[in-house]
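Worksheet: one structure, shown below.
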Amino acid sequence: KAGVTQTPRYLIKTRGQQVTLSCSPISGHRSVSWYQQTPGQGLQFLFEYFSETQRNKGNFPGRFSGRQFSNSRSEMNVSTLELGDSALYLCASSQQPDSPYGYTFGSGTRLTVV
Amino acid sequence: AQTVTQSQPEMSVQEAETVTLSCTYDTSESDYYLFWYKQPPSRQMILVIRQEAYKQQNATENRFSVNFQKAAKSFSLKISDSQLGDAAMYFCAYRSPPQKLVFGQGTRLTINP
């Protein structure tokens, strides 16, 4: 059974550009969450999707957006990139949004903004 | 807002010894879940163990066990017979549905051969 797949693994972008990150959840998992991980702020919640609907949103500016497709795959987009957006972006999936079994995480996309 | 605190930024232990990682949390909820995740250099967060708040019995998974003290809001992880492959960042996390998973700042565990 394939795990959570995130692409690309690494990304370098210039300030002001936009970027799209992709996440394919485990087969059968319909809930997808995104987290930003930085050395200073730790792991911060971005958003959660279930059945193509955003269920929860973290405290991030509107430059951060996401969506989920009918096959449960999810994308997140960051527009007008800033240096502070450099981080590891982790995607996690679960069968249901409130699963007591926790999430299965991907290996993340390392975004560097220069 | 719920918060999770890991007071030990770094810990080290000799191979085959036992180590305990500390975690405390703050919540007014009565129904919630607690987790320990491991993040090796590969970056993937791996679920180590979980605990439902309504269960008094401490969870155990092979060499990993927790000491869950609900009244004290404490959730420590004990790793027995430490192995080199246990070296990683360990994150304590809390969730009270439908809210998001909240993580602590992490503890870097080093295993000395």
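Every number in this text was worked out from the coordinates using simple rules, so none of it is lab data. Because the structure is predicted, anything quoted here is derived from the model rather than measured. Positions of Cβ are generated from backbone atoms using ideal geometry, with glycine treated the same way; all protein chains shown enter the neighbour counts.
Tell me yes or no: at least one residue of the range A:41-50 is farther than 30 Å from B:Ala59 by Cα and aromatic (Phe, Trp, Tyr).
Taking the range A:41-50 as the starting set, the residues that turn out to be farther than 30 Å from B:Ala59 by Cα are none.
No; the residues of the range A:41-50 include none that is farther than 30 Å from B:Ala59 by Cα and aromatic (Phe, Trp, Tyr).
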Out of (1) within 14 Å of chain A (Cβ to nearest Cβ); (2) hydrophobic (A, V, I, L, M, F, W, C); (3) under 25 Å from B:Thr110 (Cα atoms), what's the single condition that is false for B:Ala16? (1)
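Name the single residue that is farthest from the other protein chains (Cβ to nearest Cβ) among those in the range A:24-63 being of a type in the set (Ser, Thr, Tyr) and under 22 Å from A:Ser107 (Cβ atoms). Steps first, answer last, please.
Our first condition is that a residue be of a type in the set (Ser, Thr, Tyr); within the range A:24-63, this holds for A:24, A:27, A:31, A:33, A:35, A:38, A:49, A:51, A:53.
Narrowing the set further to residues that are under 22 Å from A:Ser107 (Cβ atoms) leaves A:24, A:27, A:31, A:33, A:35, A:38, A:49.
Working: A:Ser24: 14, A:Ser27: 18, A:Ser31: 11, A:Ser33: 7, A:Tyr35: 8, A:Thr38: 11, A:Tyr49: 12 Å.
If we take residues in the range A:24-63 being of a type in the set (Ser, Thr, Tyr) and under 22 Å from A:Ser107 (Cβ atoms), then A:Ser27 is farthest from the other protein chains (Cβ to nearest Cβ).
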Which condition from (1) under 21 Å from A:Gln95 (Cβ atoms); (2) under 10 Å from the mean Cα position of the chain (by Cα) is the one that A:Gln36 breaks? (1)
When only residues in the range A:39-79 that are among the aromatic types (Phe, Trp, Tyr) and touching a Ser or Thr at 6+ places or on another chain (Cβ under 6 Å) count, which is surrounded by the fewest Cβ atoms within 10 Å (Cβ to Cβ)? A:Phe50
Would you say A:Pro100 is under 22 Å from B:Leu34 (Cβ atoms) and either part of a loop (DSSP other than H, G, I, E, B) or facing chain B (nearest Cβ under 9 Å) (or both)? yes
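Condition first: in contact (Cβ under 8 Å) with a residue 60 or more places away in the chain and within 14 Å of the chain's Cα centre (by Cα). Can you find one or more residues in the range B:38-61 that meet it?
If we filter the range B:38-61 for residues that are in contact (Cβ under 8 Å) with a residue 60 or more places away in the chain, which is where we start, we get B:39.
Retained after the next criterion (residues that are within 14 Å of the chain's Cα centre (by Cα)): B:39.
Scanning the range B:38-61, I find at least one residue that is in contact (Cβ under 8 Å) with a residue 60 or more places away in the chain and within 14 Å of the chain's Cα centre (by Cα), so the answer is yes.
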